[in-house]
Structure formats: structure tokens, C-alpha cells
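What follows is a set of notes on a single structure, which appears directly below.
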């Protein structure tokens, strides 16, 4: 049983690596980004409120994120053997809220995995990212381009650039992360559960580093 959180700046590969680790451990993977994008597709008041923050690169307020996660993490038996979470927490206050929530259920975070990378590399990765408008498959024009320009390999849907992946928003997101992250890093370091991984290598290289750090072989 293992409960993990993935930390790191936008574009570092948290989602990809979190998914790999979840499959390796056979436990659920939850991404706050995916949860938010699902909500943004409807016309609820929460969707409209979320759009104000997501489309401008601002962080979603803690109370909105927390209530969403609380429902996600404690409403399914699939979570009994652990889970992998990426995109949360983003600051010390969120980390403390999550720890208190877990403690009330006699649970705790086993590792906080921090993927690091240079700011210029992150900006290039994100501004080159395209997403299928139909199935949600993610491509990178520099590292993982589609076979046909602008067309998804899987479903032939149209590839689009999300508003939060445009260069102006990307730089803003990275700045916000850097401002918020230092206290969060110190928080997990003080608890002895922070695992620091260089996120600038290939997907396989980074995954192998993580497996080694978690003693997965």
C-alpha cells in the first residue's frame, strides 16, 4: 500500500510519471488538472468559477480544490490500497489540509516526489504541447509529435493548444509555482518523505529514477 503525491512545476512531467507509477503499483492515479477539465466541460456555477482561474493561469483557491479532492479520495473502494496524486498540494497550506484529512482516516502520505527541471526547458515543453479535442491525448511537437500535423493518431481528432499552454500563461504559471513551492518543499523535507528526481531526462530515465527511489526494482 502506498500513497504518493507528485510535485513539480508545470511541464515537468508529473502526470506522465504519476500514471506510470500508478500502473506499476496497480493503484488509482488522480490528477487535479483532469478533474478540473472535466468540470469545465459542464455549465455549472463551479465550472464558471474554475474557468476564471484556469484560463488565466491563476491557481484555483484552496477551498474549491480541497472539496473536490475530498470527494475523490474517499468515495471509492479502489483507493483502499493507496493512490497517486499529481497537481496537489501546491503549497504548504494545502499539504497541511491534506495531511489532516488523511490523519482523520488513519492514513498518511508515504512519499512526496518532486520532479525538477530548468525554467527554459519547461517553457519550451509546455508551449509545444498539443491536446486532442476529442480523446484528450497529449502530444509534444518537439518530443512526441503526431504522425499527421494537427491530427490525433488515436482518434483523428483535431489537436489544439490549451489556453494555459500559451507562452504568456506558461511563464506566469511557472512564476507562481516557484513563488509557492519553497515552503512546501521544506515541509516535506522536514518530515523525511521528500524524494527529489531530475525531470530533465527521457521519460524512461525519469521513471527508472523514481522506481529506484521507491525501491520498486
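The values are calculated or read from the model by the stated rules, or taken from the named source; none is laboratory data. Worth saying up front: this structure is predicted, and the values here are computed from it rather than measured. All Cβ positions, glycine included, derive from the backbone under ideal geometry; neighbour counts span all protein chains shown.
Give the residue, chosen from 122, 115, 126, that is buried (at least 17 other Cβ atoms within 10 Å of the Cβ), within 21 Å of the chain's Cα centre (by Cα) and at pLDDT below 85. I'd like the intermediate steps shown before the answer.
Details: 122 fails: at pLDDT below 85; 115 fails: at pLDDT below 85.
After ruling out the rest, the residue left standing is 126.
Scan region 57-96 for residues that are touching a residue at least 40 places away in the same chain (Cβ under 8 Å), outside any helix (DSSP H, G or I) and exposed (fewer than 13 other Cβ atoms within 10 Å of the Cβ) and report the count.
1
Could you list all residues from region 135-154 that are within 14 Å of residue 16 (Cα to Cα) and part of a loop (DSSP other than H, G, I, E, B)?
Going through region 135-154, the residues within 14 Å of residue 16 (Cα to Cα) turn out to be 136-140, 143-144.
Within region 135-154, 136, 137, 143 meet the criteria.
I'm checking my understanding of the structure. Among residues of region 41-56 that are within 17 Å of the chain's Cα centre (by Cα) and free of Cβ contacts under 8 Å to residues at least 40 places away in the same chain, which one is surrounded by the fewest Cβ atoms within 10 Å (Cβ to Cβ)?
Selected residue: 53.
Failed condition for residue 53, given (1) within 20 Å of residue 129 (Cβ to Cβ); (2) not in a helix (DSSP H, G or I), with all others met?
(2)
Condition test on residue 174, is it crowded, with 16+ Cβ neighbours inside 10 Å and outside any helix (DSSP H, G or I)?
Working: crowded, with 16+ Cβ neighbours inside 10 Å: yes; outside any helix (DSSP H, G or I): no.
In short, no.
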